[in-house]
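The values are calculated or read from the model by the stated rules, or taken from the named source; none is laboratory data. Here the structure is a predicted model, which is why all the values come from computation and not from measurement. Positions of Cβ are backbone-derived with ideal geometry, glycine not excepted, and every protein chain shown enters the neighbour counts. What goes into the accessible areas is simple: the full protein's heavy atoms, side chains included, and nothing from ligands, DNA or RNA. Shrake-Rupley method; radii C 1.70, N 1.55, O 1.52, S 1.80 Å.
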Amino acid sequence: MIILITGATAGFGKATAEKFAANNWDCIITGRRKEKLFQLAEKLIATYKVKVLPLVFDVRNKEEVFSTLQNLPNEWKQIDVLYNNAGGAWGRDSFENGLIEDYETILNTNVNGLLYVSKAILPYMIANKKGHIINMGSVAAKNMYQYGNVYCAAKAAVDALSHSMRIDLLPHKIKVTAIHPGAANTEFALVRFKGDETKAAATYKGFEPLHSNDIADIIYYCATLPYNVCINDLVVTCTAQADGIYFNKEA
Ligand code: NDP
Ligand code: 8X3
């Protein structure tokens, strides 16, 4: 079995690669940070004796995505699961004060990147007459929150696209799952606050957030259900979070 994971150098993507490799899946892992990606590949190969194909590209770069993924070696073309995970938020500010460059990065990464990778991989799945696309949404898709603006919009687009893809891909018997996590302690907040560790740490103060391996376990569960079963849409938060807005935080 083969899974392709975008954004495997950190957080959910990295934990998911470990989870699937530990269960004997071969992994195509991608990301921009070559050193981290190759370190993970070496670790997975050495620890779990699986095959790993590390591919370095930026999901925002349409030409790079297509030229890399349309020319996969034959042994890697039978992709069972595509996990569209690469994404994130850049900035957290009011709509009027936020930077247009951040808005573009958010939309180009979370939405266009997902479109490019999916369009590049779908021909393999259609030819194989099976496949499963798992898209990473967020509670931000379900509840708009203050200063979430364009990130909420991007994840709402992922939510809508996942539903639309599921409908259009019915004749090809391709499953589409959208997963919408709440706060999880990854590099997400550090990226959102552009390296400000104090602000990033404050994001998770007073409660225990989700951890990367919680999401990896859920993705593995969704991906290994019988072929007649598809989890369409799954919202998951830590126990201290009710939705995109309400938390029970201790002082
Ligand atoms: P991390 O910042 O820990 O990981 C993000 C991953 O995405 C990295 O591997 C990064 O790799 C990759 N990535 C980012 N931009 C690009 C790009 N342009 N091209 C290729 N790869 C890219 O965050 P998470 O693990 O938390 O985030 C994973 C997904 O989960 C995202 O879509 C995020 O929006 C979503 N999410 C996160 C939540 C959270 O609270 N943590 C909750 C809900 C959803 P590299 O930098 O090497 O390119
Ligand atoms: C990440 C979770 O609540 O910061 O998608 O939007 S949140």
Inset, instruction - Could you tell me whether segment 176-188 includes any residue that is open to solvent by 50 Å² or more (accessible area, probe 1.4 Å), within 12 Å of ligand 1 (Cβ to nearest atom), modelled with pLDDT of 95 or more and among the polar types (S, T, N, Q)? - result: yes
Inset, instruction - Could you list all residues from segment 114-139 that are closer than 24 Å to residue 30 by Cα, within 16 Å of ligand 1 (Cβ to nearest atom) and open to solvent by less than 30 Å² (accessible area, probe 1.4 Å)? - result: 114, 117, 118, 120, 121, 133, 134, 135, 136, 137, 138
Inset, instruction - Inspect segment 216-233 for any residue being among the aromatic types (Phe, Trp, Tyr), touching a residue at least 40 places away in the same chain (Cβ under 8 Å), open to solvent by 10 Å² or more (accessible area, probe 1.4 Å) and in contact with a helix residue (DSSP H, G or I) (Cβ under 9 Å, 6 or more places away or on another chain) and give the result as yes or no. - result: yes
Inset, instruction - Can you tell me which residue among 173, 142 is surrounded by fewer than 19 Cβ atoms within 10 Å (Cβ to Cβ), in contact with a helix residue (DSSP H, G or I) (Cβ under 8 Å, 6 or more places away or on another chain) and over 17 Å from residue 95 (Cβ atoms)? - result: 142
Legend entry - Entirely in segment 1-81, the strands (runs of 3 or more DSSP E) that have 3 or more residues that are within 16 Å of ligand 2 (Cβ to nearest atom) and surrounded by fewer than 21 Cβ atoms within 10 Å (Cβ to Cβ): none
